[in-house]
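Undergrad: Structure incoming, see below.
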Amino acid sequence: MASRRHAIADDLRSRIADGRIKPGGRLPSEAQLAAHYAVSTPPLRNALALLQAEGLVEKIHGKGNFARQPLRRTTYVGGGRTPARTPLPVSIRTTWLRARGHLNALLGVPPGSPVTEFFCVSHDGKSPHSLARIYVPRDLAPAAAPDASPWPQEVASLLAGPLPQLTKVQENVHVRLPTPSEAATLRISSTLAVLAITRVATDITGRVVEVALLALPGDRAEAVFTTEHTTTERRQEG
């Protein structure tokens, strides 16, 4: 038998699916929902947490719970290829800093090396959609901060001057829970998994010219990696 929280979540889920609760519409208050389902606050909040983790409900502090607008899905194309572009607008905050901790290892630079960070948040309407922290050695970064622009998926869109010839782009992909900062920025539940991608681009001299740390909420993103075999490889496999 389904638990009370799952029964409540199922009912609210169906009300959202059939349009009784419109996208963007505010759900009744927690007190009203608890009274309607004849439960105490904890199981009601657990049910709402399930829907928040699924991306069906968004909780806005001080305002209440709202049915999410249909989310636009993002496809990240890996395997050394250019990530899929998206028309979503992006806000970019630029910070000059000194490399510390894990950045030293990723960039292959000594502690305290000057680095420019581009903190990028894409938006779907009024809602934040995904985020990326992109780190570039200071001497490669433009002198002025770029304006808000389409999602900066390539080094070329952020570097000063021509794009260095790249010899390797290494991507590490895993699923994890968002950090408190990511959850707050993206306005997602702390229980909604994110697709975390660490991308390191190296030029022909062996220098790391870009490190990108992307966080794509699992309810609106997927990653696609394609391996193409040459004719010789196909014959050997046959």
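The values are calculated or read from the model by the stated rules, or taken from the named source; none is laboratory data. Treat the numbers as computed from the prediction; the structure is a model and nothing was measured. We place every Cβ from the backbone using ideal geometry, glycine too, and count neighbours over all the protein chains shown.
Undergrad: Tell me yes or no: at least one residue of the range 111-123 is in the same structural domain as Ile197 (by TED's automatic domain parsing), closer than 21 Å to Arg207 by Cβ, at pLDDT 75 or above and touching a Cys at 6+ places or on another chain (Cβ under 7 Å). Give the steps one after another, and end with the answer.
TA: Looking only at the range 111-123, we keep the residues that are in the same structural domain as Ile197 (by TED's automatic domain parsing), and these are 111-123.
Narrowing further to those that are closer than 21 Å to Arg207 by Cβ: 111-118.
Those left that are additionally at pLDDT 75 or above: 111-118.
Subset that is touching a Cys at 6+ places or on another chain (Cβ under 7 Å): none.
Within the range 111-123, none of the residues are in the same structural domain as Ile197 (by TED's automatic domain parsing), closer than 21 Å to Arg207 by Cβ, at pLDDT 75 or above and touching a Cys at 6+ places or on another chain (Cβ under 7 Å).
Undergrad: Just to be sure I understand, how many residues within the range 3-21 are crowded, with 18+ Cβ neighbours inside 10 Å and closer than 9 Å to Ala47 by Cβ?
TA: Residues flagged as crowded, with 18+ Cβ neighbours inside 10 Å and closer than 9 Å to Ala47 by Cβ within the range 3-21 amount to 4.
Undergrad: Among what's in the range 181-222 and is basic (Lys, Arg) and over 18 Å from Val77 (Cβ atoms), pick the residue that is farthest from the chain's Cα centre (by Cα).
TA: Keep residues of the range 181-222 that are basic (Lys, Arg), which gives 187, 199, 207, 220.
Next, from what is left, pick out any that are over 18 Å from Val77 (Cβ atoms): 187, 207.
Working: Arg187: 11, Arg207: 27 Å.
Per the stated criteria, the residue is Arg207.
Undergrad: Further question: Which of the residues that make up the range 187-220 are among the small types (Gly, Ala, Ser) and either in contact with a His (Cβ under 9 Å, 6 or more places away or on another chain) or assigned to a strand (DSSP E or B) (or both)? Explain how you work it out, then say what you get.
TA: Filtering the range 187-220 down to residues among the small types (Gly, Ala, Ser) leaves 189-190, 193, 196, 201, 206, 212, 215, 218.
Residues satisfying the conditions are Ala196, Ala201, Ala212, Ala215.
Undergrad: Looking at the range 15-27 only, could you name the residues that are within 27 Å of the chain's Cα centre (by Cα), outside any loop (DSSP other than H, G, I, E, B) and more than 23 Å from Ser190 (Cα to Cα)?
TA: First, pick out the residues of the range 15-27 that are within 27 Å of the chain's Cα centre (by Cα): 16-17, 21-27.
Checking the rest, the ones that are also outside any loop (DSSP other than H, G, I, E, B) come to 16-17, 26.
Passing the criteria: only Ala17.
Undergrad: Look through the range 38-49, keep the residues that are touching a residue at least 24 places away in the same chain (Cβ under 8 Å) and surrounded by fewer than 20 Cβ atoms within 10 Å (Cβ to Cβ), and return whichever of them is farthest from Ile188 (Cα to Cα).
TA: This residue is Val39.
Undergrad: Right, next: Just to be sure, is Pro70 at pLDDT below 85 and buried (at least 19 other Cβ atoms within 10 Å of the Cβ)?
TA: Numbers: at pLDDT below 85: yes; buried (at least 19 other Cβ atoms within 10 Å of the Cβ): no.
Answer is no for this residue.
Undergrad: Among the residues in the range 29-37, are any outside the structural domain of Leu214 (by TED's automatic domain parsing) and touching a Gly at 6+ places or on another chain (Cβ under 9 Å)? Step through it out loud before you land on a result.
TA: To start, the set of residues in the range 29-37 that are outside the structural domain of Leu214 (by TED's automatic domain parsing) comprises 29-37.
Still in the running and touching a Gly at 6+ places or on another chain (Cβ under 9 Å): 29-30.
The answer is yes, given that some residue of the range 29-37 is outside the structural domain of Leu214 (by TED's automatic domain parsing) and touching a Gly at 6+ places or on another chain (Cβ under 9 Å).
Undergrad: Give the residues of the range 172-194 that are modelled with pLDDT of 90 or more and among the charged types (D, E, K, R), sorted by residue number.
TA: In the first step, residues of the range 172-194 are kept if they are modelled with pLDDT of 90 or more; the result is 172-186, 194.
Those that are modelled with pLDDT of 90 or more and among the charged types (D, E, K, R): Arg176, Glu182.
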